[in-house]
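Notes follow once the structure below has been shown.
The values are calculated or read from the model by the stated rules, or taken from the named source; none is laboratory data. Note that the structure is a prediction, hence the values are computed from the model and not measured. Neighbour counts are summed over all protein chains in view; Cβ atoms, including those assigned to glycine, are modelled from backbone coordinates with ideal geometry. Surface accessibility is based on the protein's heavy atoms, side chains included, excluding ligands, DNA and RNA. Shrake-Rupley method; radii C 1.70, N 1.55, O 1.52, S 1.80 Å.
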Amino acid sequence: MTSERFARLVESYVGTPYLRHGRTPGRGLDCIGVAIAAFDELGLEPDDWRQYGESPLQSDLMDRLDAAAFLRLKEGAPERGDVMCFRWPREIRHVGVCLGDGKIVRAAKGRGVHITAPDLKRLARVYEVID
């Protein structure tokens, strides 16, 4: 159920402007900001995630995703509500949320938060949101 609520929240952010390091749906979001804002609204976000973006290290983000009690690294095809991490170009540098039916919600400069098809060739990790 949490995955479905997470997916619905993320969908509600579509149309939000892109803002680098943005974490506030009413102001602007970046790719991980989409997930962090939804985690926060669900009461899942650890307080120290608010610091993300102040560190230039993308590996820090992966460490936080790996350590989150409400996420589980998953094998197999992404499903609705899963957090998908993409390589850009070689390092994991982009995050989207699976909506199912071959679509994700993502944020990108110039396009804001939008729905698109994922580039599955770049898919590196998938996390399931758990209760």
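For Arg80, the accessible surface of its heavy atoms amounts to roughly 70 Å² (probe 1.4 Å, protein chains only, rounded to the nearest 10).
Between Leu19 and Glu41, what length in nm is gained on full extension when 0.36 nm per residue of separation is reduced by their alpha carbon distance?
Values: separation 22, 0.36 × 22 = 7.92 nm, distance 1.88 nm.
Fully extending the segment from Leu19 to Glu41 adds 6.0 nm.
Give me the extension gain from Asp63 to Ile115: residue separation times 0.36 nm, minus the current Cα-Cα distance, reported in nm with one decimal.
Numbers: separation 52, 0.36 × 52 = 18.72 nm, distance 2.64 nm.
Length difference between fully extended and current span is 16.1 nm.
Of the Cα atoms belonging to the chain, the radius of gyration and Dmax stand at 13.0, 35 Å.
Arg122 sits among other residues whose Cβ lies under 14 Å from its own Cβ, and their net charge, with Lys and Arg +1 and Asp and Glu -1, is +4.
When DSSP beta bridges are limited to those with both residues in the chain, what percentage is antiparallel, rounded to the nearest 5? Could you put the intermediate results ahead of the total?
On the way: 23 of 24 bridges.
Of the beta bridges lying entirely in the chain, close to 95 percent run antiparallel.
Each 5 Å bin, from zero up to the one with the longest distance, holds this percent of the alpha carbon pairs of the range 85-131: 5, 21, 29, 27, 14, 4, 1. Over the chain, accessible surface divided per residue gives 54 Å², non-protein components excluded, 1.4 Å probe.
Relative contact order for the chain: what percent, with Cα pairs under 8 Å and sequence separation of 6 or more?
Numbers: 243 pairs, mean separation 41.6, N = 131.
Computed value for the chain: 32 percent relative contact order.
Ligands, DNA and RNA left out, the accessible area of the range 1-43 computed with a 1.4 Å probe is 47% carbon and sulfur. Distance between the C-alpha centers of the range 6-47 and the range 74-131? Whole Å please. Centre-to-centre distance over Cα atoms comes out at 14 Å.
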